[in-house]
Amino acid sequence: MGRRWKVAILCHPTYGGSGVVATELGMVLAARGHEVHFVSYAAPHRMREVQESIAFHEVEIVDYPLFRYPPYGLALAAKLVQVSEDHSIDIIHAHYAIPHAISAYLTRTILGGERPRVVTTLHGTDITLVGSDTAFLRVTKFGIEASDAVTAVSEWLARETESALGIARPIRVIPNAVDAAWYSPERRSMVLRRRFATDDEAILIHLSNFRPVKRVEDVVRVFFRVQRELPARLLLVGHGPERKRAEEVARELGISSRVASLGSIDGVAEVLSIGDIFLLPSASESFGLAALEAMSCGVPVIASRAGGIAEVVADGETGVLCEVGDVGAMAAAALEILKDRDRLASMRSAARARALTAFPPERIADLYEIVYAEAAGAGQAAVGEGGDSRRGAEVAEKG
């Protein structure tokens, strides 16, 4: 390994994809000898253990009567200035453009000098929802263009960013990683499985934040068709605005007794590992981290052909991709796999193998170390100069 970096990681500390990815990356970097400082309003959810080279700095938000809404972006910048000075931070790695990239830029401007450098990683809704909103478009574009290096988690998201925001600067694609030791078929517990299903019943699983874009009604309707033809159960994991509607649809279809709504849980890997099919019928996905975690557990994925999902799920090998909203095709695909034990076993093996070879944390960390070096001026060229801005994805795929 080359230089050891002092990195401040900005992320949303929630169950969502960007927070998960940022936390997992930070833990891998710390294990490799880098000094990692998480800066947020709460400790990241996925911090599973305390490491000597990891620190958490809470952003304190003072609710002055003058402010109708507390200015989190400014509070974050103020904390970042303090952390950067106290710990000589080299790199601020902002996961999610708004407000993190702007707070990082403000910090760098206040401090002046060569450090810290700003690396911004785009995850999806920071571009497709927040960033493309006319109220935030110019601010988001500024934050991206003012960063010293920019990465995106999929080819699709990089193209969408360039198109929607008119970004001309290079965007390097570095896919998300999965901890295959944690998300593993070996976590499969028959004791846990029998809490939800009998041995002759298939288990279908959906995991998300239950936002409208996840199309959770389609999840329930796909399951309705599947359970008419073979014994099956559906597990809904996560919490969000559409969870209640999913439960209502299950009642309307008369299948509530076959649907377990688990909410937000800590043992996600254990639950995923007992599944037979993972359902992800989203209208859009910048990457599809939940699908990758399911694949790592050896669970084939039935998903919509939307956004960056096709860069994760190998259609026909590790799962099946269908058009958005095509409940019939998704149900047919699930039934075909579940009724053919040899094909199910083959897909389980292929899903696990793809997670291991294409998305390992160590290789993804290698790519971020290269970006840090280039952003800091320690590399031979700035990110994207004289090379392909998509190189990260190619390196990850070569395995």
Checklist entry - Identify, please: which residue in the stretch 301-349 is in a helix (DSSP H, G or I) and of a type in the set (Ser, Thr, Tyr) and is, among those, farthest from the chain's Cα centre (by Cα)? => result 346
Checklist entry - Would a scan of the stretch 93-100 turn up a residue that is part of a helix (DSSP H, G or I), at pLDDT 95 or above and surrounded by fewer than 22 Cβ atoms within 10 Å (Cβ to Cβ)? => result no
Item to check | residue 161 vs. criteria among the hydroxyl-bearing types (Ser, Thr, Tyr) and over 15 Å from the mean Cα position of the chain (by Cα) | outcome: yes
Checklist entry - Does the stretch 29-47 include one or more residues that are buried (at least 16 other Cβ atoms within 10 Å of the Cβ), part of a loop (DSSP other than H, G, I, E, B), in contact with a Pro (Cβ under 8 Å, 6 or more places away or on another chain) and not hydroxyl-bearing (Ser, Thr, Tyr)? => result yes
Checklist outcome for this item: Subset of the stretch 68-92, residues assigned to a helix (DSSP H, G or I) and more than 28 Å from residue 161 (Cα to Cα), comes to 78, 79, 81, 82, 83, 84, 85, 86, 87
Checklist entry - Being over 18 Å from residue 351 (Cα atoms), modelled with pLDDT of 95 or more and surrounded by 24 or more Cβ atoms within 10 Å (Cβ to Cβ), is that true of even one residue in the stretch 173-189? => result yes
Item to check | Residue check, residue 272 part of a helix (DSSP H, G or I) and within 24 Å of the chain's Cα centre (by Cα) | outcome: yes
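Okay, residues lined up against (1) within 24 Å of residue 158 (Cβ to Cβ); (2) free of Cβ contacts under 8 Å to residues at least 60 places away in the same chain; (3) touching a strand residue (DSSP E or B) at 6+ places or on another chain (Cβ under 6 Å):
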residue: 292; (1), (2), (3): yes, no, no
residue: 299; (1), (2), (3): no, no, yes
residue: 303; (1), (2), (3): yes, yes, yes
residue: 315; (1), (2), (3): yes, yes, yes
residue: 318; (1), (2), (3): yes, yes, no
residue: 329; (1), (2), (3): no, yes, yes
residue: 352; (1), (2), (3): no, no, no
residue: 358; (1), (2), (3): yes, no, no
residue: 376; (1), (2), (3): yes, no, yes
Next on the checklist: I'd like to check something: does the stretch 134-141 contain any residue that is in contact with a Ser or Thr (Cβ under 8 Å, 6 or more places away or on another chain), over 21 Å from residue 13 (Cβ atoms) and either of a type in the set (Gly, Ala, Ser) or at pLDDT 95 or above (or both)?
Outcome noted: no
Next on the checklist: Being over 22 Å from the mean Cα position of the chain (by Cα), among the hydroxyl-bearing types (Ser, Thr, Tyr) and crowded, with 23+ Cβ neighbours inside 10 Å is true for just one of 84, 18, 53, 88. Which residue is that?
Outcome noted: 84
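The values are calculated or read from the model by the stated rules, or taken from the named source; none is laboratory data. Note that the structure is a prediction, hence the values are computed from the model and not measured. Note that each Cβ is placed from the backbone with ideal geometry, even for glycine, and that neighbours are counted across all protein chains shown.
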